[in-house]
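Novice: Please see the structure below; I have some questions.
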Amino acid sequence: MPELPDVEVFRQYAEATALHKTIRSVHVHEPDLLESISRQQLAQRLNALHFADTGRHGKYLFLKTAKRWTLVLHFGMTGYLAYTQSQAKVPSPARMTIDFANGYHLAYVCQRKLGVIDLTDDPEGYIREKGLGPDPLAEGFSPERFVDRLKPRRGFLKSALMNQKILAGIGNVYSDEILFQTGFHPRTAVADLDKADVKDLFRVMQEIIDTSVGARAQPDKLPPNYLTRRRKAGRPCPRCGGQIERTQVAGRTAYYCTRHQKKR
DNA sequence: CCTATAGCCTGACGGC
DNA sequence: TGCCGTCAGGCTATAG
């Protein structure tokens, strides 16, 4: 599920619920999700601290304590956060629960166990080690930089948009939305784009991300002419009346309009 | 550099 | 109703 807009909503949620509350205990229920730390060490290092700030890069969420450590969360395909008052309301597939001194709990839920839990003392370094590209919402990201990052690419546009090393945060659904709104076929070759095309992609991408975050990443709250709400083969295109079809691109299912989305 | 494939996990869905 | 295959908004490793 979670792509950049979803994780940004999670970040805002954590910001509004889990900051400045003393951590009383940390329980990892599924140690397989821990990337480079034991559950004991994680619990020990976070114990008695509080989260003081949040951050996000692409699909990674950072919960920063006021001291040395930052909790790193990735949500895989099915992850989310739940801040609850009672233990009974913690969703059952929770893979980690953080108990605060105020009696509340922050649960990290990850049904399919495709996410990651880690601790770092250097979030910037963590991002660098992963080889993540720039975040589309970051200050320094510009149309020119996007052009530079796409220039050496030989493959399909959809694959490039989803490649976290080129650009961090776009997944299957939002890559389809960007292509839909810019009118490019998902198998458009990156090499066939000119600068104006990439700048157009940049502008539309920013707008889609802003709109989606504004809609709290809920598909039914997106504008009616978004593909995301009509992501099914055989449906009419909400923009041109053409037809939505599905295809495979680099192993992923892509939905697109056969009438207004064209290759270059 | 690229693509396709398989694998990691679990639950929902449709067809029989 | 129950079983079974397929599919799902992520990512990695491998082979070609």
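Novice: Keeping to the stretch A:58-100, report how many residues are in contact (Cβ under 8 Å) with a residue 60 or more places away in the chain, over 30 Å from A:ALA138 (Cβ atoms) and of a type in the set (Val, Ile, Thr).
Specialist: Residues meeting the conditions: 1.
Novice: Which ranges mark the strands (runs of 3 or more DSSP E) fully within the stretch A:16-126 that have 3 or more residues being touching a Pro at 6+ places or on another chain (Cβ under 9 Å) and buried (at least 16 other Cβ atoms within 10 Å of the Cβ)?
Specialist: Where strands (runs of 3 or more DSSP E) fall fully within the stretch A:16-126 and carry at least 3 residues being touching a Pro at 6+ places or on another chain (Cβ under 9 Å) and buried (at least 16 other Cβ atoms within 10 Å of the Cβ), they are A:60-65, A:70-74, A:79-84, A:105-110.
Novice: Hey, another quick one. Tell me the residue from A:VAL116, A:VAL72 that is within 16 Å of DNA strand B (Cβ to nearest atom) and hydrophobic (A, V, I, L, M, F, W, C), please.
Specialist: A:VAL116
Novice: Condition test on A:THR258, is it touching a strand residue (DSSP E or B) at 6+ places or on another chain (Cβ under 7 Å), within 16 Å of DNA strand B (Cβ to nearest atom) and within 30 Å of A:ASP148 (Cα to Cα)? Can you show your working first?
Specialist: Details: touching a strand residue (DSSP E or B) at 6+ places or on another chain (Cβ under 7 Å): yes; within 16 Å of DNA strand B (Cβ to nearest atom): no; within 30 Å of A:ASP148 (Cα to Cα): yes.
So A:THR258 fails the test.
Novice: In this structure, is A:GLU144 in a helix (DSSP H, G or I), free of Cβ contacts under 8 Å to residues at least 60 places away in the same chain, more than 11 Å from DNA strand B (Cβ to nearest atom) and not aliphatic (A, V, I, L, M)?
Specialist: Details: in a helix (DSSP H, G or I): yes; free of Cβ contacts under 8 Å to residues at least 60 places away in the same chain: yes; more than 11 Å from DNA strand B (Cβ to nearest atom): yes; not aliphatic (A, V, I, L, M): yes.
Taking the combined requirement at face value, the residue satisfies it.
Novice: Moving on to the next point. Take A:LYS64 and decide whether it is modelled with pLDDT of 95 or more, touching a strand residue (DSSP E or B) at 6+ places or on another chain (Cβ under 8 Å), within 16 Å of DNA strand B (Cβ to nearest atom) and closer than 30 Å to A:ILE208 by Cα.
Specialist: No: the conditions fail for A:LYS64.
Novice: Another question, then. May I ask you to say which residue of A:SER92, A:SER86 is closer than 30 Å to A:GLN44 by Cα, more than 17 Å from the chain's Cα centre (by Cα) and within 14 Å of DNA strand B (Cβ to nearest atom)?
Specialist: Details: A:SER86 fails: within 14 Å of DNA strand B (Cβ to nearest atom).
Sole residue among the options that is closer than 30 Å to A:GLN44 by Cα, more than 17 Å from the chain's Cα centre (by Cα) and within 14 Å of DNA strand B (Cβ to nearest atom): A:SER92.
The values are calculated or read from the model by the stated rules, or taken from the named source; none is laboratory data. Predicted model, so just to flag it, every value in this text is computed and none were measured. Virtual Cβ from ideal backbone geometry, glycine too; neighbours counted across all protein chains shown.
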